[in-house]
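The next block holds one structure in the form of structure tokens; read it before the comments.
The values are calculated or read from the model by the stated rules, or taken from the named source; none is laboratory data. A quick note: this is a predicted structure, and the numbers were derived from the prediction, not measured. A quick note on method: Cβ atoms are made from the backbone with ideal geometry, for glycine too, and the neighbour counts reach across all protein chains shown.
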Amino acid sequence: MFDKYKIKTCDDLLSYLSKNLNYGFVSNKIIHKDTDNDFSQKMNKSYQIRLGEDLIKTGYGVCWDFCELERLFFEEKNIPHRCFFIKSNLKNNLGPTHSFLIYKEKKNYYWFEFSWQKYKGIHQYLSIKEAINDVLKKFIQYYNTLEIQNIDIYLIPKITKRLHSSEYIKHCLSGKKINL
């Protein structure tokens, strides 16, 4: 699939995403952007994950969508990788979440990040543990004004069908919990 978009390398993928995709989601032909006041409510009500070319055609996605598209690229290129889900809790509710991908090339590990604008790029590490810990540290620093109760990280099993927000979260929580 990626060859037809002239995406051959990890840098090509990051460049393509940066030029062609935006943060948000499309539901019933309406674009919802994270700058909208009711973005979270709309996510809970009408979001469904986009997979593969479905995401590319809409031009909008959130980290959950992008992580699955990245997974397809790394599978197609036979590059070892894993997708992770960060789940945080506030007092009585689910807090911020984030999905991200780490891949291995030669002896190094790389955090591939597109959706989190502050950290967009390909970040190199000596171990997967170092990579996960760095993402977690950045997540905690980024959301330091919220009263986060606890944070868990899970390996995300591959998504094979469109899921609503609550279904996606349940799917992620069915993955292996990572103990750091």
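Observations
- Being surrounded by fewer than 19 Cβ atoms within 10 Å (Cβ to Cβ), under 14 Å from the mean Cα position of the chain (by Cα) and under 26 Å from Lys87 (Cβ atoms) is a description that does not apply to Leu21.
- Spans of strands (runs of 3 or more DSSP E) in the stretch 30-141 with at least 3 residues surrounded by 14 or more Cβ atoms within 10 Å (Cβ to Cβ) and at negative phi: 81-89, 94-105, 108-113, 121-125
- Residue check for Ser99: at pLDDT 95 or above, among the hydroxyl-bearing types (Ser, Thr, Tyr) and over 22 Å from His32 (Cβ atoms): no
- Residue count for the stretch 151-180, restricted to those that are under 21 Å from Lys137 (Cα atoms) and in a strand (DSSP E or B): 7
- Residue that is closer than 11 Å to Phe100 by Cα and of a type in the set (Val, Ile, Thr), where the choices are Ile148, Ile153, Ile140, Ile122: Ile153
- Search result, residues across the stretch 20-41 that are under 10 Å from Val62 (Cα atoms) and acidic (Asp, Glu): Asp34
- Cross-chain or 6+ apart pairs with Cβ under 8 Å, the stretch 1-19 first and without any contact (Cβ under 8 Å) to a residue 60 or more places away in the chain and within 19 Å of Tyr60 (Cβ to Cβ), then surrounded by 13 or more Cβ atoms within 10 Å (Cβ to Cβ) and hydrophobic (A, V, I, L, M, F, W, C): Tyr5/Ile56; Tyr16/Ile7
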